[in-house]
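Written out below as structure tokens is the structure these notes cover.
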Amino acid sequence: MTEVDEAQARRWRLVLGAPAEGGGMGELGAAADQAMDRALGALYDGGGQGGSGRRSGGLGGSAPQVARWLGDIRRYFPSTVVEVMQRDAVDRLNLTELLLEPELLEAVEPDVHLVGTLLSLNRVMPETTKATARAVVEQVVREIERRLAAQTIAAVGGALNRAARVSRPKLRDIDWDRTIRKNLVNYLPEHRTVVPERLVGYGRKAQAVKRDVVLAIDQSGSMASSVVYASVFGAVLASMRSLKTSLVVFDTAVVDLTEQLSDPVDVLFGTQLGGGTDINRAIAYSQSLITRPADSLFVLISDLYEGGVRAEMLRRIRTMKEAGVQVVVLLALSDEGAPAYDHDNAAALSALGVPAFACTPDRFPDLLAVALNRGDIQAWANQNAGKPA
């Protein structure tokens, strides 16, 4: 057997587990490979009771054993694989309650999915665990901020400046760089100068608020990752003086978390994942926050499974749009692929001229820029988010 064949056999043996040894895969020799196999087997092997075929794994309910397993997978697998295995462990082995123990939280690789799990446990979390849980959440939030904040500020700031640009600015408001670029065709070589036939400038940049943004976030359990990302974006937008940003989260009740926007971690711990959904009530509250419809952007982030009055929900969206509000509906704000959503409600919104589609966090700043410039959301969705619902 060649070296390549041996490497392939090793990989297949690790994927298929111990039963593969009888199929010509051979036994694992290296101690590290055996340790990797034990870590995988603890999660994915086991036939369940009575040979029913249900996977049971081998971690049991022992916190020390789980802690050792968490340490092993971080030692032998890359972080992307670790995150998947942790998520599978919570789902397959029902380790949710064990995550309430500080010692285990310290051993877990933080990611968006773990944050969602911790937030869903927020109301039952013992005080001894809350400080550790908050540190885990903060680590993930700061990483998201580091990755997306500068991009968001640049995209949104550029959109607002373009919207404020004027063709007859006062002298002190002239954007000389753009003016020169715009008039390069009028360069006179003999005079070594540009004749500015058209001036480009900005409106007065006093501390005036140029746009109002209202984010309404569905906090049902399936929207956990979207809640995390939307909270971070809300905090970034709130830091921009040219925007007035409001953030509300909802299930069957509506909670206004605008006052907590200075810290997205506070926002997240103000949510309560799970429960029913009353989108109509959330939209009704959001309408009360909009005082300048023509200068307002309303972003609804929801899978559209409505538990409230559907006809009223659609009527409110239509009223908003007719009043001049730019409305964006996101079925998800995450990296998790195609979301589950209510197709009938999405189609009804599309008929109103409000496409509903999913968006990744990396694309969201560009979407904000288009929306704040009152651009074509449908065209943007077709190009960047696949076919809208």
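Observations on the structure shown:
- FRET efficiency, 1/(1 + (r/R0)^6) with R0 45 Å, evaluated for Arg198 and Glu322 via beta carbons: 0.80
- Euclidean distance of C-alpha centroids, region 339-389 and region 292-322, integer Å: 14 Å
- Residue order for Asp335, Asp251, Asp218 - accessible surface, 1.4 angstrom probe, largest first: Asp335, Asp251, Asp218
- The trypsin sites (Lys or Arg not before Pro) of region 224-326 meeting both criteria, a DSSP state outside H, G, I, E and B (loop) and at most 15 other C-beta atoms within 10 angstrom of the site's C-beta, are Arg241.
- The solvent-accessible area of Trp176, taken with every protein chain present and a 1.4 Å probe, is close to 130 Å².
- Region 104-156 and region 205-284 have their alpha-carbon centroids 16 Å apart.
- A simple spin-label model places the labels of Asp376 and Asn161 2.6 nm from each other, with each point 7 Å out along Cα-to-Cβ.
- Area of Thr252 that stays accessible when all protein chains are in place (1.4 Å probe, Å², to 10): 80 Å²
- Inter-label distance, Tyr305 to Arg181: 4.7 nm, where each label sits 7 Å from its Cα along the C-beta direction.
- Anchor Lys130: aspartates and glutamates whose Cα lies under 18 Å away (excluding residues fewer than 8 positions away in-chain): Glu97, Glu101, Glu103, Glu106, Glu109, Asp111, Glu138, Asp263, Asp266
- Heavy-atom SASA rank of Ser222, Ser79, Ser302 (probe 1.4 Å, accessible area, largest first): Ser222, Ser79, Ser302
- Cross-link reach list, aspartates and glutamates versus Lys210, counting only Cα pairs under 19 Å and skipping chain neighbours closer than eight places: Asp173, Asp175, Asp295, Asp366
- Spin-label pair Ala253-Ala347: with each label point 7 Å from Cα along the Cα-Cβ axis, the two points sit 3.6 nm from one another.
The values are calculated or read from the model by the stated rules, or taken from the named source; none is laboratory data. Since we're looking at a predicted model, the values are computed, not measured. Every residue, glycine among them, receives a Cβ derived from its backbone with ideal geometry; neighbour counts consider all protein chains shown. Keep in mind that these areas ignore ligands, DNA and RNA; they rest on the heavy atoms of the full protein, side chains included. Shrake-Rupley method; radii C 1.70, N 1.55, O 1.52, S 1.80 Å.
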